[in-house]
Structure formats: C-alpha cells, structure tokens
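What follows is a short report on a single structure.
Only the coordinates and a few stated rules stand behind these numbers; no lab work does. Here the structure is a predicted model, which means the values were calculated and not measured. All Cβ positions, glycine included, derive from the backbone under ideal geometry; neighbour counts span all protein chains shown.
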Amino acid sequence: MSFTLRQIRYFVAVAENGKVSAAAAVGISPSSVTTAVQELEDQLGVSLFERHRRGLKLTYEGNRFLQHSHNIMAAVSAARYALNQRQTDIDGTLSIGVTITVAGYFLTPLLARFKKSFPNIEVRIVEQGRTAIERKLMEGKLDIALVLTSNIRNTTDIAHETLVRSYRRLWTPPNHPVLELDEVTLADVAELPYIQLMIDEARTTHLAFWKKAGLTPNTIFQTESVEAMRSLVATGAGVTILSDMVYRPWSLEGDRIELVTLADEIPSMNVGLAWRRESTLGDTAQALLEYCRMEYVSGRRSFRTEGASSE
C-alpha cells in the first residue's frame, strides 16, 4: 500500500467541505481532487465516501481514516516546525487555562504534538469557565489559555488569536424529512423539536443567531452532555445545531447522526489562544503560540475552517 501526502490533503479537504467543488476552490481542479480520492480508495480497498445528490458523506471507514489523516498531517507539520526552530530545548512550566469544549475536543492531540517538539516544558492544565479564565489571565495566574475565542468578552485587556473556525450545522437522525429538502433554513428547524446544549455558554450564543433570524427554537430538552445529545438526536428525540468540531457520525449506542448545512448564515465556533494584552509572554507561552501558528494558522487543517464567529 502506498499513498501520498497530496492524496491525504485532498481527502481531508473533501471530507471537511462535503463537496469536490468546494475542496477544489483553492485552485486545484475538481478532476484532480476526484482522481486523488479515487486512487486513495483503491489503495485502501474501502469506500471513504457515500455519494448523494447533495455531495459526499463520509462512510464509517472514511471517518476513521480522517482521524488518522489529521494525525499524519500533524506529524508532517510538527517535523517541519522542529526543523525550522532552534529553541526546542526550551524548558520551564506552562500553565494553560481551557474551557470544557476545548478540553474535550481540541486539547489532547495538540498537547501531544506540542510535547514532542518541546519535551522539556512541563504543562499544567486548568479547566474552568470563560469568566474564571479571563480573570486568572488578568491576575497572572495563567500564562495563556485555549478557549472559544468567539466568547471572549474582555477584548480590551485580553488579546487572542483564533486557530480554528468550526462550522455549525444541523444534526438529525437518519431518514429525517428535512434530508429530503433541497434547502433547509432556520425557519424549517424552528418547527422541529430542538435539543439545546448548555456547556460553554452555548445557549447564549445559539439564542443570539436565533434572535437575529427573528425565530425561537422549539426547545424540548437542555443538556450539558454532548454524548446525551448524540444519543437523543440519533434516536429521533429531536434535532440540534452544533459545530463540526464536536460532531461524530455515531452515538455511543451505534446509531447514525446526519449533518445538514443550513441555508442561513450561522456563526462558527472559534477556538484559539488568549493572553493578557499588556503582558509579555514568557518563553514557554511564546513557544506554544508560535507552534500553534505553524500548525493551524498556516491553513494545514480545520473543522471546515472558514466562517464567522461564536459559541
């Protein structure tokens, strides 16, 4: 078996955009993208996508391979960073504040790769809510934070840099009637039983885009558990709108969850670094900032990364 980084890169682009034409928007011909993906499927001996009239949808094998593809590209990025940097021998401690969504769906792979490049940095993680993290940054009790930058309120005193913009889309069970529509709007969703996630100020930010559309969701249940959300949606209890970063196509029970891109403009969930604006970052925090810029801001990968703000 032999596949190339080009094939991996094109596969990731199609997986994150759902369409060959969207993945090819960066100047690569759709035929080149299609050929690369087909070659990859032939070499792997599995179908990575299901083809349907709206575009492409990852199969179970495709979803598993996407996670490995991210790891492959991350390893290449880390190797490039290690070769370009002359300060990988930096040592000391680094205290990082994280919110619950970041801790659960973003932190672990980033931290593992960072530690490989900077093995002498002792990382200490503090998980708290945004308000507490902003306060501790101002008090100097945290060196830096990985947070939902779209939620930051004290932008006067706290600087931030977004690493990933994760699109929000509609989650439904299989065979839901909205899957037959050529276009799905918030007005359509407002007629359906809706399940609201509550962690990391999700309710506040979600109600903001509902209010902007002049609509109110028909909320039947609120939960702080993403896994409960998956199970409820997959079994038909209701639908929800959440970001691609927390999406997985199956619930813990093995039931399928479908994604629908809404016609309305829905703000994305932004993840990034935050620090006290008037302070000078120490060597360890600066190392993390520069490493993240190399890995994310360069456009290596995302969770359908282009979009507006908020969760």
What aspartates and glutamates could a cross-link reach from Lys57, if we take a straight Cα to Cα line under 13 Å and drop same-chain neighbours fewer than 8 places away?
-> Glu16, Glu258
Take every DSSP beta bridge whose two residues both sit in the chain, then give the antiparallel share in percent to the nearest 5.
-> 60
What ³J(HN,Hα) values, in whole Hz, does the Karplus curve 6.51 cos²θ - 1.76 cosθ + 1.60 give for the stretch 95-112 when θ = phi - 60°, with x put for Gly and Pro?
-> 9, 10, x, 9, 8, 5, 5, 5, 4, x, 10, 9, 5, 4, x, 4, 5, 4
Rounded if a/c is under 1.5, else prolate if a/b is larger than b/c, else oblate: which is the stretch 168-260, with a ≥ b ≥ c the root eigenvalues of its Cα gyration tensor?
-> oblate
Over all Cα pairs of the stretch 212-254, the Kirkwood radius sets Rh, and Rg/Rh then becomes 0.99
Filter the trypsin sites (Lys or Arg not before Pro) in the stretch 126-207 to those in DSSP coil with at most 11 other Cβ atoms within 10 Å of their Cβ, and list the result.
-> Arg153
Got a sec? Charge dipole of the stretch 168-260, +1 on Cβ for Lys and Arg, -1 for Asp and Glu; which of Val226, Ser251, His176 is way out at the positive end?
-> Val226
Take the Cβ-Cβ distance between His68 and Glu127 as r, set R0 to 22 Å, and report the resulting FRET efficiency rounded to the nearest 0.05.
-> 0.20
On the formula 1/(1 + (r/R0)^6), with r taken between the Cβ atoms of Glu224 and Ser29 and R0 of 45 Å, the FRET efficiency rounded to 0.05 is 0.50
In what sequence do Asp91, Asp244 fall when counting other Cβ within 10 Å, fewest first?
-> Asp91, Asp244
In debye to the nearest 20, how big a dipole does the stretch 169-266 give about its Cα centre with +1 on each Lys and Arg Cβ and -1 on each Asp and Glu Cβ?
-> 220
Residue exposure sequence - Ser95, Ser29 - by fewest surrounding Cβ within 10 Å = Ser29, Ser95
Given charges at Cβ of Lys, Arg, Asp, Glu: the stretch 168-260 dipole, positive-most of Thr216, Thr204, Ala190 | Thr204
What is the order of Trp210, Trp275, fewest Cβ neighbours within 10 Å to most?
-> Trp210, Trp275
So if we plug the beta-carbon distance of Ala208 and Arg277 into 1/(1 + (r/R0)^6) with R0 = 25 Å, what FRET efficiency do we get, rounded to 0.05?
-> 0.50
Please tell me the relative contact order of the stretch 168-260 in percent, rounded to the nearest whole number, where contacts are Cα pairs under 8 Å and at least six residues apart.
-> 45
Return the aspartates and glutamates within reach of Lys136: Cα separation strictly under 15 angstrom, same-chain partners fewer than 8 residues apart disregarded; answer none if there are no such residues.
-> Glu127, Asp157, Glu278
